[in-house]
Amino acid sequence: MSSLPVLAHAGHGAEWQSVLTLVAIGLGGVLALVLLGRVRIEEGGDLVVPLAVVALLAAAAPVDSDTLSDLSPWAAPAGAVILVGLLLHGLTALDITEVLPLAGLVAVAAVASVAAGPALTDAWIPEALLLPSREDVELTITSPQDGATVEGPEVEFEVEVTGGTVGPPVVDAADAPEDPEELGRLRLTVDGVVVDPHVLDGCTLEDPCTTGTFTYPLAPGVHRIFVEFVTWDDLIFQPGVVDGVTIEVVEG
């Protein structure tokens, strides 16, 4: 199991990174319209309106998106190459609608994204926010079943982890495993609110858990419950390791 991150998670407040991704997508859209003949660029002035529209749409769009910010180190280099291609198309004799120039533009954009993406990730995203990659860890809420009706207020949950283990509430950095899927912790979310960042007790460094039970008080009614497996230092995996059930609680 690898501990290398596959994406960097910028998190809330990284709107500028989301804007970069949207601008890159918009520039790709302009290129597509040029290729389809819907936008004609015969001189530099013809680029003003398309580029202004891209900038306005990117600035006005909802940008509080983890996915957009995560993609920015990879999208920005490709967008920059497309912008240069459009400028050369409008200011020089280069015609990017022809096969060879277009193929070269696409190839350079792809190479720029792959070559610059990791370096920009390191430069733009704090190391503490690098998401560990999920390899084979799985989490299942084995009880209660989705859609079950249970008596409250104390509801017992049973969980199972495969491909990883659950450790104690606190793990010193010196004892932290190289594999992030070992000695993780379980986070409980009830109706959209994290109510317990370490719900499973009794797990130790010497004897980590793969199964366990816990109880949580729930008022009568329908509740959406999620249990998520995170690293020992509370980083989520990419993709996430989570299971959820919807249950109805009745008075016992």
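For the reader, a short list of remarks on this structure follows.
- Residue that is surrounded by the most Cβ atoms within 10 Å (Cβ to Cβ), among those in region 198-252 that are among the β-branched types (Val, Ile, Thr) and not in a strand (DSSP E or B): Thr231
- Residues being assigned to a loop (DSSP other than H, G, I, E, B) and either aliphatic (A, V, I, L, M) or out of contact with any Cys (no Cβ under 8 Å at 6 or more places or on another chain) (or both) - total across region 163-179: 10
- Any hit, region 96-114, residues being under 30 Å from Val49 (Cα atoms), in contact with a helix residue (DSSP H, G or I) (Cβ under 8 Å, 6 or more places away or on another chain) and assigned to a loop (DSSP other than H, G, I, E, B): yes
- Counted residues, region 145-164 - those being at positive phi, under 28 Å from the mean Cα position of the chain (by Cα) and surrounded by fewer than 16 Cβ atoms within 10 Å (Cβ to Cβ): 0
- Restricting the first member to region 23-49 and to residues that are at positive phi, and the second to residues that are surrounded by 10 or more Cβ atoms within 10 Å (Cβ to Cβ) and of a type in the set (Val, Ile, Thr), the beta-carbon pairs closer than 9 Å and six or more apart or on different chains are Gly37/Thr97.
- Selection within region 184-216: residues that are over 12 Å from Val227 (Cβ atoms) and hydrophobic (A, V, I, L, M, F, W, C). The member of this set that is modelled with the highest pLDDT is Cys209.
- Hey, Ala80 more than 24 Å from Ala110 (Cβ to Cβ) and either under 24 Å from the mean Cα position of the chain (by Cα) or aromatic (Phe, Trp, Tyr) (or both) or not: no
- Filter result for the condition that a residue is at pLDDT 95 or above and surrounded by 18 or more Cβ atoms within 10 Å (Cβ to Cβ), over Ala58, Ala80: Ala80
- The residue list Glu151, Glu160 contains one member that is touching a residue at least 24 places away in the same chain (Cβ under 8 Å), closer than 25 Å to Phe229 by Cα and assigned to a strand (DSSP E or B), which is Glu160.
The values are calculated or read from the model by the stated rules, or taken from the named source; none is laboratory data. Remember, it's a predicted structure, so these values are computed and weren't measured experimentally. When we count neighbours, we look across all protein chains shown, and the Cβ atoms used for this are built from the backbone with ideal geometry, even at glycine.
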